[in-house]
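Asks: This is the structure I have questions about; it appears just below.
Read-outs throughout are calculated quantities, based only on the coordinates presented, and are distinct from any laboratory measurement. Treat the numbers as computed from the prediction; the structure is a model and nothing was measured. All Cβ positions, glycine included, derive from the backbone under ideal geometry; neighbour counts span all protein chains shown.
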Amino acid sequence: MRAFVITGPFQGEVLDVEPPVPGPGEVVVRVERAGVCGTDAEFFTGEMAYLHDGQARYPLRIGHEWCGVVAALGAGVSREWLGRRVTGDTMLGCQTCHRCLGGRQHLCADRFEIGIRHGRPGALAEYLPVPVFALHVLPDAVGPALGAMIEPGGNALRAVRAARLRAGDRLLILGPGTIGLLAAMFAAAEGAEVHLLGLSTAFARSLGFACHTEVPDLPFDAVIDASNAARLPALAVERVEPGGRVVYIGLAGEPSLVDTRVIALKDLRVTGVLSASGGLAGTIERYASGAVDPTPLIAATVGLDDVAGALTGTLTGTSAGERDPGQPPKIHIDPSAQTECSST
């Protein structure tokens with residue numbers, strides 16, 4: 001089968017590789033659509049932290065935002081799965097440790113991460129092996145474009161849930177990237193007043209959100225930091241109302257300094273969010289009902305031969321890991337397409 005393989009920093013191409021064979025408890029999925037995100041770009045540039053601490057190494061096959069159709073079954077898997085449209089959790093815990101048994105398999109010390117950690121192959125390929133325990137069935141209302149937006153949506157939904165919003169609450173989101181925009185959509189659907197802060201907010205403004213380049217002089221019941229700026233975690237606790245909620249889902253490239261005295265004296269609830277685990281089912285429900293529609297965030301859908309261009313930014317005229325702030329942030333890959341296409 002064809003798969004995009006990264007062999008070193010800024011070195012990646014589509015190769016013919018052996019197709020996966022499902023092991024016991026696994027299925028093989030024919031990938032319909034896969035998203036490209038900032039983590040994938042960091043693997044391509046060599047900046048991803050996992051490359052430097054031994055949790056990942058080249059060559060690797062990226063892609064963890066995906067949907068597809070179950071095409072083959074491993075031993076012990078019910079035939080009812082065959083032909084089902086599915087997506088799945090990125091985090092694959094061992095299923096036996098106390099974290100996994102307690103419902104926290106995304107924090108398993110021995111977990112694999114699809115397209116990210118410990119060599120588990122990713123979805124920028126024609127076929128993808130996935131344990132059946134990680135699968136989520138997609139309803140007919142969730143087509144390929146929506147299906148590949150479920151993983152980032154699950155992250156954003158978990159962040160919004162952690163913000164504990166009530167109708168009428170005012171929320172500040174730091175960072176108008178994919179996760180920040182999805183969080184804004186979920187929060188707005190719950191009746192919150194949403195504000196986004198970023199250096200470039202043209203696209204977010206086109207979606208109808210209140211956007212700022214500096215924090216407005218308003219009280220905020222909750223703040224979600226979905227940025228990669230090391231200075232913003234401190235700003236979040238400074239600008240949230242006493243008794244408010246702060247959620248950290250963005251990751252900076254260097255350590256952030258937060259004064260815990262401010263957290264204690266303002267009696268804040270502060271939460272970190274890792275992964276979409278726990279948010280996937282809710283995201284599927286909201287997409288299927290139409291409560292949240294993420295398709296405006298998709299700039300283009302292209303084939304595997306265009307993955308390198310998506311990672312380097314040449315498809316959008318930007319450098320690796322960056323994007324045109326006036327354009328939608330997300331590029332999708334259709335592994336069955338041989339040339340660039342624009343439909344979603």
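Asks: For Thr314 and Ser78, calculate 0.36 nm times their separation in residues minus their Cα-Cα distance, and state this gained length in nm to one decimal.
Replies: Extending this stretch completely gives an extra 80.6 nm.
Asks: Same structure again: Would you mind counting up the charge near Cys97? Only other residues with Cβ under 12 Å from its Cβ, with Lys and Arg at +1 and Asp and Glu at -1.
Replies: So the surrounding residues net to +2.
Asks: With angles folded into 0 to 90 degrees, how steeply does helix 280-289 sit against the dominant principal axis of the chain? Use alpha carbons for both and round to 10.
Replies: The angle comes out at about 80 degrees.
Asks: Here's something else I'd like to know. Work the Kirkwood hydrodynamic radius out for the chain: mean of 1/r over every pair of different alpha-carbon atoms, inverted, in Å.
Replies: Values: mean 1/r = 0.0489 Å⁻¹.
The Cα-based Kirkwood calculation yields 20.5 Å.
Asks: Please list 28-37, 66-75 highest first by mean number of surrounding beta-carbon atoms within 10 Å per residue.
Replies: Values: 28-37: 24.8, 66-75: 20.4.
Listed from highest to lowest mean packing, they are 28-37, 66-75.
Asks: Let me ask something else. Modelling each spin label as a point 7 Å along the Cα-to-Cβ direction, I'd like the Ser336/Glu47 distance in nm, to one decimal.
Replies: Inter-label distance under the simple model: 3.5 nm.
Asks: What list do you get for Arg61, Arg104 if you sort them by fewest beta carbons within 10 Å?
Replies: Numbers: Arg61 22, Arg104 16.
Listed from fewest to most nearby Cβ atoms, that is Arg104, Arg61.
Asks: Something else: Would you mind ranking Lys330, Lys266 so that the residue whose beta carbon has the fewest other beta carbons within 10 Å leads the list?
Replies: Sorted ascending by nearby Cβ count, the order is Lys266, Lys330.
Asks: Per 0.36 nm of contour for each residue apart, how much would the distance between Leu257 and Val69 grow if the chain were fully extended, relative to their Cα-Cα spacing?
Replies: 63.2 nm
Asks: Hey, another quick one. Across 10 Å bins from the origin, how do the percents of Cα pairs in the stretch 74-214 run, short distances first?
Replies: Distribution as computed: 10, 30, 31, 22, 6, 0 percent.
Asks: Contact order normalised by length for the stretch 35-109, with contacts defined as Cα pairs under 8 Å and 6 or more residues apart; what percent is it?
Replies: For the stretch 35-109, the relative contact order is 19 percent.
Asks: Report the convex hull volume per residue for the stretch 158-272, counting only C-alpha atoms, in Å³.
Replies: Value for the stretch 158-272: 90 Å³ per residue.
Asks: Find which of Leu171, Ile249, Leu232 sits farthest along the positive direction of the dipole of the stretch 158-272, computed with +1 on the beta-carbon of Lys and Arg, -1 on that of Asp and Glu, about the Cα centre.
Replies: Working it through, the farthest residue towards the positive pole turns out to be Ile249.
Asks: What does the C-alpha gyration tensor say about the overall shape of the stretch 45-140? Classify as rounded when a/c is under 1.5, otherwise prolate if a/b is larger than b/c, or oblate.
Replies: Oblate shape, in that a/c is at least 1.5 and b/c is the bigger or equal ratio.
Asks: Helix-only mean residue ellipticity at 222 nm, the chain, DSSP H runs n ≥ 4 weighted -39,500 (n - 2.57), per residue, nearest 500. What is it? Don't jump to the answer; show the numbers that get you there.
Replies: On the way: 11 runs with 80 residues, N = 344.
That calculation yields -6000 deg cm²/dmol at 222 nm.
Asks: Subtracting the Cα-Cα distance from 0.36 nm times the residue separation, let me have the gained length for Glu285 to Glu214 in nm, one decimal. Before the final figure, lay out the partial values.
Replies: On the way: separation 71, 0.36 × 71 = 25.56 nm, distance 3.45 nm.
Using 0.36 nm per residue and subtracting the Cα-Cα distance, I get 22.1 nm.
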